[in-house]
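Enquirer: Let me begin by handing over the structure; questions about it come next.
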Amino acid sequence: MRAWLILAAIVLAVALLPLAGSNYFLRLATTVCMYAVLAQSWNFIGGLAGYPSFATAAFFGLGAYASAILLANGAPLPVAWAGAGLVAVAFAALIGGAILHLRGHYFAIASLIVAEMLRELVNSMPDFTGGGKGMNLPILRISVAAEAQFFFYAMLGLAAVCAATAIVVHRNKLGFGLRCIQQNEDAANMLGVNTYAYKTAALSLSAVYVGIAGAIYASWVKYIEPPDVFDVLLALKPMVMVLLGGLGTIFGPAIGAVLLLAFEELVSRNFLTIHAAALGIIIVVLILFLPNGLLSTLRSWMPHKEQAT
């Protein structure tokens, strides 16, 4: 119950931001919500099951292109976004059969290749996807301010649903089974846990919301190309955010999203020419001093309290 109250309070507080912020501030808040979706989604397979997936970029790009193609063929915006989520989850279930029997760095490498494979596939079909030239998406016929608020609330709503799913998963049999797989997959198998089904469910959960986030992002920026939506950073950042906030926790990924975007903005403002290197150094230092994330560190300071969410 406490987790639901915390989620409701956070969503309500964030939903009031448009009343006090500029469009620039609203853009940052929209990006934080998108980062939270990516991190929370990765937490299902990486944080709970312990499988280091690099497929987030693949699901994001697939959702962006699925939505763009649907919109180009006359589909309404909600249908295009929902279709992007369905395509992403179907693709995750499909590739799960091919790569989920691998473990550790073998699985990580296999998942990393998926995004590159999709990028080349998109590049090879210029008549269907625009190829390397990318695709333009329809422009909403509303004011700039209304459009900024529309995409902010769309991304906030998706982040809230994703966090609600995380609460449900952490509290039910699926979350317990995934934690068993993380501790000892062979033992979990011997105890009767259907590890393949559980891992496939986790990979599918890590895909569906990322696919929709890719679709919303595509409509938000109005133009997509393979290097943008299949960027390898989209696979790395969710891991960093979860490690910063708290691996396997409910609200750790959202905290990590806020921290990472704050660091990105701080570094890009003060170290523009070397911002990538400076950001990397800061992230390494944070991970060294917060190896289990902020929530786990706070939990260690309060041993008498109940386990933090």
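The values are calculated or read from the model by the stated rules, or taken from the named source; none is laboratory data. It should be emphasised that the depicted structure is a prediction, and the values quoted were computed from it without experimental measurement. Note that each Cβ is placed from the backbone with ideal geometry, even for glycine, and that neighbours are counted across all protein chains shown. To get the accessible areas, we keep the full protein, side chains included, count just its heavy atoms, and leave off ligands, DNA and RNA. Shrake-Rupley method; radii C 1.70, N 1.55, O 1.52, S 1.80 Å.
Enquirer: Just to be sure I understand the filter: pairs with C-beta atoms under 9 Å, separated by 6 or more residues or on different chains, first member in the stretch 289-304 and at positive phi, second member modelled with pLDDT of 70 or more and assigned to a loop (DSSP other than H, G, I, E, B). Which pairs pass?
Expert: Cβ pairs passing all conditions: Gly293/Gly246; Gly293/Leu247; Gly293/Gly248; Gly293/Thr249.
Enquirer: Now for a different question. Determine whether Ile250 is open to solvent by 40 Å² or more (accessible area, probe 1.4 Å) and not charged (D, E, K, R).
Expert: Considered against the rule, which asks whether it is open to solvent by 40 Å² or more (accessible area, probe 1.4 Å) and not charged (D, E, K, R), Ile250 comes out as no.
Enquirer: Next up: Return the residue satisfying two criteria in turn: it lies in the stretch 259-299 and is open to solvent by 80 Å² or more (accessible area, probe 1.4 Å) and aromatic (Phe, Trp, Tyr), and of such residues it is modelled with the lowest pLDDT.
Expert: Phe271
Enquirer: So, in the stretch 185-231, of the ones that are charged (D, E, K, R) and farther than 14 Å from Ala93 by Cβ, which residue ends up surrounded by the fewest Cβ atoms within 10 Å (Cβ to Cβ)?
Expert: Looking at the filtered set, the residue picked out is Asp186.
Enquirer: Just wondering, is there one or more residues in the stretch 55-64 that are crowded, with 24+ Cβ neighbours inside 10 Å and polar (S, T, N, Q)?
Expert: Within the stretch 55-64 (the criterion being crowded, with 24+ Cβ neighbours inside 10 Å and polar (S, T, N, Q)), the answer is yes, since at least one residue qualifies.
Enquirer: Can you spot a residue in the stretch 233-244 that is β-branched (Val, Ile, Thr), open to solvent by less than 30 Å² (accessible area, probe 1.4 Å) and either outside any helix (DSSP H, G or I) or without any contact (Cβ under 8 Å) to a residue 24 or more places away in the chain (or both)?
Expert: Checking the stretch 233-244: not a single residue is β-branched (Val, Ile, Thr), open to solvent by less than 30 Å² (accessible area, probe 1.4 Å) and either outside any helix (DSSP H, G or I) or without any contact (Cβ under 8 Å) to a residue 24 or more places away in the chain (or both).
Enquirer: Exactly one condition in (1) within 19 Å of Ala163 (Cα to Cα); (2) of a type in the set (Val, Ile, Thr); (3) free of Cβ contacts under 8 Å to residues at least 12 places away in the same chain is not met by Thr31; state its number.
Expert: (3)
Enquirer: Also: Give the number of residues within the stretch 15-54 that are within 21 Å of Gly293 (Cβ to Cβ) and either surrounded by fewer than 15 Cβ atoms within 10 Å (Cβ to Cβ) or aliphatic (A, V, I, L, M) (or both).
Expert: 9
Matching residues to (1) open to solvent by 80 Å² or more (accessible area, probe 1.4 Å); (2) at pLDDT 90 or above:
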| residue | (1), (2) |
| --- | --- |
| Gly97 | no, no |
| Met117 | yes, yes |
| Val122 | no, yes |
| Met125 | no, no |
| Leu137 | no, yes |
| Ser143 | no, no |
| Tyr153 | yes, yes |
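Let's see how each residue does on (1) within 17 Å of Tyr198 (Cβ to Cβ); (2) of a type in the set (Lys, Arg):
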| site | (1), (2) |
| --- | --- |
| Ile95 | yes, no |
| His101 | yes, no |
| Gly104 | no, no |
| Ile109 | no, no |
| Ala115 | no, no |
| Pro126 | no, no |
| Gly130 | no, no |
| Lys133 | no, yes |
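Enquirer: Before we move on, is Ser67 outside any helix (DSSP H, G or I), in contact (Cβ under 8 Å) with a residue 60 or more places away in the chain and closer than 27 Å to Leu121 by Cβ?
Expert: No: the conditions fail for Ser67.
Enquirer: Here's another thing I want to ask about it. Is it true that Ala72 is open to solvent by 60 Å² or more (accessible area, probe 1.4 Å) and over 21 Å from Ala166 (Cβ atoms)?
Expert: Yes, satisfied.
Enquirer: While we're looking at this one, here's another question. If you go through the stretch 122-162 one residue at a time, how many are more than 28 Å from Phe25 (Cα to Cα) and β-branched (Val, Ile, Thr)?
Expert: Adding up the residues that qualify gives 2.
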